[in-house]
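**Q** What follows is a structure written as structure tokens; I'll ask about it next.
The values are calculated or read from the model by the stated rules, or taken from the named source; none is laboratory data. Since the model is a prediction, treat every value here as computed from it, not as a measurement. All Cβ positions, glycine included, derive from the backbone under ideal geometry; neighbour counts span all protein chains shown.
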């Protein structure tokens, strides 16, 4: 009796195994998100990408996501769980997942992992990120042209290179068309605290900034600008997502992440067994960064100029950090005639000329 | 320009302090009855989402406040059943309520994440709001800001000038004595807990309907916990709760003004962000450093389960 059961179980197991190996069924793709999907922001854009990919690859893949996974020890457990559940491709979409992803990737050599915004890769672990500074630069140009007070306010989360890069790109864009322009930064030391983000925006507006943008996760900053628009003529630039719903009058444009095409392309490579590692840092050329639609308040000739500049960024003729890049102290960081290297951009720890605030030293 | 700055700082300080005052005063009354309810963060979250949903569907922010209050009462009723009727550990029940409330609010709130609410016009008191410097901060505010001031006076008056307040404090000091002379300890504690829940709900409503008119998961962002610690650092005195809340709000706004001034001051932003916490603790500890007063004001039976027939 017992042996027969065992034999049956083995048989059943073998059958199951073989059906899995014939791979007629869709491949499971998993996503790990750091915050709730919500309606706007970093995770929301990743989830839009996931949906676009799933629709485009119907039948070939099924997807699953786990949201609100804290960075740290919990992440490793959840990534491991996802791999154990038979997901063949796993995307981990926040910087803090880097070490856990690397660790789990070593124990699951047959699963392909992709980590967003980090710098560690491996035989079965690719990395990807977006050159959002290109969008920031163009937002800055609009701000420089349209500002009446010549002051832009920037609500920022944490003084890490990724955020500093965006501030500097915005300042350079603004300064390129308006020599009197200055960018003021308030650090709220939180990725997500709508109350604090709002207070920071209101503070900047009260101190004369008529252009407001943010590198935080909620829509509070755009909403604050909308509220003050009538009284103070405040304009806003959204980040991560198009937030025009929250700032129908005040939002002029913004910088938007688009991940769908990248997900489709990458997953196809893996499925076709053509994947040889990914280290993608895509920008406007690759369609991974887009300008949020410019509102009708942006004058037509300025819109035309922005479209032209966007084209130049795509062809590589214009680089937001083309030399000379001079920092606040007056030191030349990039000489005339060269562009800043990717690794220098990724370790930026100073403000460029045009940023008025002091750099937060650690 | 200088005057305008100070005026905006004062205005923003009062706004930032308001939810803390309302929630902390509710908790103060609860704790004065000897019950430690750590569920403020969760209660605020549920209050915030309920208020937002109702304000969105009815278009009436006042009904939103009522809904927030109602949701807060329901949440604290859960706590009451667990901690007062079933006599479970108060700390554990409160923590559970916080975790549960934050999760529940996220669950209920899903459909509302894409909804924007129009901001509510403040109530301007004629003439007075034109006073330079203080005018906007004191007389051009949301209704709930005025409510928070009334609440400070009302709570202080209730606790120290009415018989019911005396009884409530007696229950908090020595539930056994209060019980033996015929007061319904559990009933009074229930009332105090429900009041605390109602205030936490209103605090949440202030966040989601008036302060940042939107709903997103996690928007309360720790203010429930700050309110809880304010009560302790203010040594259970209503006026000191107000000082602490405004000090906290004021430091937060002031450090932002320093950052946003465009003047290069070499103070790390991390230090500036930590300042409101440090300053509030420091000042409240200094003004309440007298050990005797602390012992006098802190409810002796705080956090202890009361068994009526023991």
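**Q** Assess whether residue B:111 counts as being within 13 Å of another protein chain (Cβ to nearest Cβ), crowded, with 18+ Cβ neighbours inside 10 Å and either outside any helix (DSSP H, G or I) or more than 21 Å from the chain's Cα centre (by Cα) (or both).
**A** no
**Q** Going by the conditions given, is residue B:22 assigned to a helix (DSSP H, G or I), surrounded by fewer than 23 Cβ atoms within 10 Å (Cβ to Cβ) and under 18 Å from the mean Cα position of the chain (by Cα)?
**A** Details: assigned to a helix (DSSP H, G or I): yes; surrounded by fewer than 23 Cβ atoms within 10 Å (Cβ to Cβ): no; under 18 Å from the mean Cα position of the chain (by Cα): yes.
So residue B:22 fails the test.
**Q** Moving to a separate point now. Go through the range B:235-253 residue by residue and tally those that are more than 8 Å from chain A (Cβ to nearest Cβ), assigned to a helix (DSSP H, G or I) and either over 17 Å from the mean Cα position of the chain (by Cα) or crowded, with 16+ Cβ neighbours inside 10 Å (or both). It would help to see each step written out before you state the result.
**A** If we filter the range B:235-253 for residues that are more than 8 Å from chain A (Cβ to nearest Cβ), which is where we start, we get B:235-251.
Pick out the ones that are also assigned to a helix (DSSP H, G or I) and you get B:238-251.
Still in the list and also either over 17 Å from the mean Cα position of the chain (by Cα) or crowded, with 16+ Cβ neighbours inside 10 Å (or both): B:238, B:240-251.
Count: 13.
**Q** Looking at the range A:240-257, is at least one residue closer than 30 Å to residue A:60 by Cβ and part of a helix (DSSP H, G or I)?
**A** Just the residues of the range A:240-257 that are closer than 30 Å to residue A:60 by Cβ, to begin with: A:240-242, A:256-257.
Filter once more, keeping what is part of a helix (DSSP H, G or I): none.
No, the conditions are met nowhere in the range A:240-257.
**Q** Now, a different point. Here are some conditions: (1) closer than 24 Å to residue A:218 by Cα; (2) in a helix (DSSP H, G or I); (3) modelled with pLDDT of 90 or more. Residue A:96 meets all but one. Which one does it not meet?
**A** (3)
**Q** Being within 18 Å of the chain's Cα centre (by Cα) and within 14 Å of another protein chain (Cβ to nearest Cβ), is that true of even one residue in the range A:136-148?
**A** no
**Q** Next question. Being within 20 Å of residue A:48 (Cα to Cα), surrounded by fewer than 24 Cβ atoms within 10 Å (Cβ to Cβ) and within 14 Å of chain B (Cβ to nearest Cβ) is the filter here, so list the residues in the range A:242-262 that pass it.
**A** Hits for the range A:242-262 are A:242, A:244, A:245.
**Q** For the range A:334-362, which residues satisfy the criterion of being under 27 Å from residue A:118 (Cβ atoms) and buried (at least 17 other Cβ atoms within 10 Å of the Cβ)? Give the derivation first.
**A** Step one: filter the range A:334-362 for residues under 27 Å from residue A:118 (Cβ atoms), giving A:334, A:338-352, A:355, A:359-362.
If the condition is that a residue be under 27 Å from residue A:118 (Cβ atoms) and buried (at least 17 other Cβ atoms within 10 Å of the Cβ), then A:334, A:340, A:345, A:348, A:351, A:352, A:355, A:359, A:360 are the ones that fit.
**Q** Taking the range A:266-303 as the region of interest, how many residues are in a helix (DSSP H, G or I) and either under 14 Å from the mean Cα position of the chain (by Cα) or surrounded by 14 or more Cβ atoms within 10 Å (Cβ to Cβ) (or both)?
**A** Here the count works out to 8.
**Q** Further, regarding this structure: So is residue B:256 within 11 Å of another protein chain (Cβ to nearest Cβ), farther than 16 Å from residue B:40 by Cα and in contact with a strand residue (DSSP E or B) (Cβ under 6 Å, 6 or more places away or on another chain) or not?
**A** Answer is yes for this residue.
**Q** Somewhere in the range A:151-173, is a residue part of a helix (DSSP H, G or I), over 17 Å from residue A:359 (Cβ atoms) and in contact with a strand residue (DSSP E or B) (Cβ under 7 Å, 6 or more places away or on another chain)?
**A** Scanning the range A:151-173 turns up no residue that is part of a helix (DSSP H, G or I), over 17 Å from residue A:359 (Cβ atoms) and in contact with a strand residue (DSSP E or B) (Cβ under 7 Å, 6 or more places away or on another chain).
**Q** Looking for whichever is touching a residue at least 40 places away in the same chain (Cβ under 8 Å) and not in a helix (DSSP H, G or I) here; the options are B:95, B:159, B:133, B:104. Which one fits?
**A** B:133
**Q** Let me ask something else. Count, please, the residues in the range A:206-225 that happen to be more than 22 Å from the chain's Cα centre (by Cα), over 18 Å from residue B:121 (Cα atoms) and more than 10 Å from every other protein chain (Cβ to nearest Cβ).
**A** 1
**Q** Would you please name the residue that is farthest from the chain's Cα centre (by Cα), looking only at residues in the range B:203-231 that are without any contact (Cβ under 8 Å) to a residue 60 or more places away in the chain and surrounded by fewer than 23 Cβ atoms within 10 Å (Cβ to Cβ)?
**A** Step one: list which residues in the range B:203-231 are without any contact (Cβ under 8 Å) to a residue 60 or more places away in the chain, which gives B:212, B:221, B:229.
With the extra rule that they be surrounded by fewer than 23 Cβ atoms within 10 Å (Cβ to Cβ), the set shrinks to B:221, B:229.
Numbers: B:221: 13, B:229: 10 Å.
Among those that are without any contact (Cβ under 8 Å) to a residue 60 or more places away in the chain and surrounded by fewer than 23 Cβ atoms within 10 Å (Cβ to Cβ), it is B:221.
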